1. At 7 Å along the Cα-to-beta-carbon direction for both E81 and D102, put a label point, then send me their distance in nm to one decimal.
2. Among DSSP bridges having both ends in the chain, what percentage is antiparallel? Round to the nearest 5.
3. Rounded, prolate or oblate, given the Cα gyration tensor of the range 50-174, with a/c below 1.5 counting as rounded?
4. Could you list, in their original order, any pairs among K112/K170; K8/K67; K14/K67; K14/K113; K147/K177; K113/K177 whose Cα atoms are separated by more than 22 Å?
5. For F108, what accessible surface area do you get with a 1.4 Å probe? Give it in Å², rounded to 10.
6. Provide V42, V33 ordered by accessible surface of protein heavy atoms (probe 1.4 Å), highest first.
7. Using the Cα centre of the chain as origin and beta-carbon charges of +1 (Lys, Arg) and -1 (Asp, Glu), tell me which of L76, M141, G3 is placed farthest towards the positive end of the dipole.
8. Would you check the accessible area of R128, probe 1.4 Å, heavy atoms only, in square angstrom rounded to 10?
Amino acid sequence: MEGLTKDKLLELLKKEAENCKSCPLWEQRTNLVFGEGNIDSVIMFIGEAPGFHEDQQGRPFVGAAGKLLTELIEGLGLKREEVYIANVLKCRPPNNREPLPDEIRACFSLLKKQIEIINPKIICTLGRHAAYTILGHSVNMASSHGKYYEVEGKKVFVTYHPAAALYHGKLLENIKKDFETLKNLYDEIILAPKEEVLKSNIKEQLSFW
Ligand code: URA
């Protein structure tokens, strides 16, 4: 694999995902939702799993939650296509049910490789399933949102899932504030990549990959 471009590596990984039968979800999907965006992005967003519209279109976050996510990304001063967006699961769970632990485990090697190829400095997890998957342990969203963890030299920023924020006004307020913190983190990383940033927001130092 050495010497291959990021583009090529992601193309090969997508083929691997298209052929994946590690869990039964591939049988019912319309389209694989691999992920999309700028493969050189400093920041990568990770959601839960494709819903109805994502499954239909083969693209992440294209429904109502996607509209909110796009607005939040624009609040960072970025266009949606300037960042990379993926999900914990690449296939839609039936009736949009939550991912099962076995499905998360089965899909993790794809996500891990995807992260390694993109190599973002910041991973923003959207919702508790994404946080659990990336951190390797469950988090209390009420106390962890708006904070980041250090994992393998990356900053893993925890926030709510935009779909949850659409249904609860308080969470919408929280996610908007979290994105202000994320903007500070992003700006500091862009402006001073070698400096230790926002130390006070570090929740915990972790290493699990
Ligand atoms: N919710 C997610 O977690 N991911 C999507 O792609 C869409 C909705």
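1. Result: 4.1 nm between the two label points.
2. On the way: 6 of 22 bridges.
The antiparallel fraction comes to roughly 25 percent.
3. Working: a/c = 1.17, a/b = 1.02, b/c = 1.15.
It is rounded, given that a/c, with a ≥ b ≥ c, falls under 1.5.
4. Working: K112/K170 32 Å; K8/K67 29 Å; K14/K67 25 Å; K14/K113 11 Å; K147/K177 11 Å; K113/K177 31 Å.
Flagged as over cut-off: K112/K170; K8/K67; K14/K67; K113/K177.
5. In the full protein context, F108 sits at about 50 Å².
6. On the way: V42 35, V33 0 Å².
Result of the area sort, largest leading: V42, V33.
7. It is M141, whose Cα lies furthest towards the positive end.
8. Surface accessible to solvent at R128 totals approximately 130 Å².
The values are calculated or read from the model by the stated rules, or taken from the named source; none is laboratory data. Bear in mind that the values here come from a model prediction, so they are computed numbers and not experimental data. Positions of Cβ are backbone-derived with ideal geometry, glycine not excepted, and every protein chain shown enters the neighbour counts. Just so you know, the surface numbers come from the protein's heavy atoms only, side chains and all, with ligands and any DNA or RNA stripped out. Shrake-Rupley method; radii C 1.70, N 1.55, O 1.52, S 1.80 Å.
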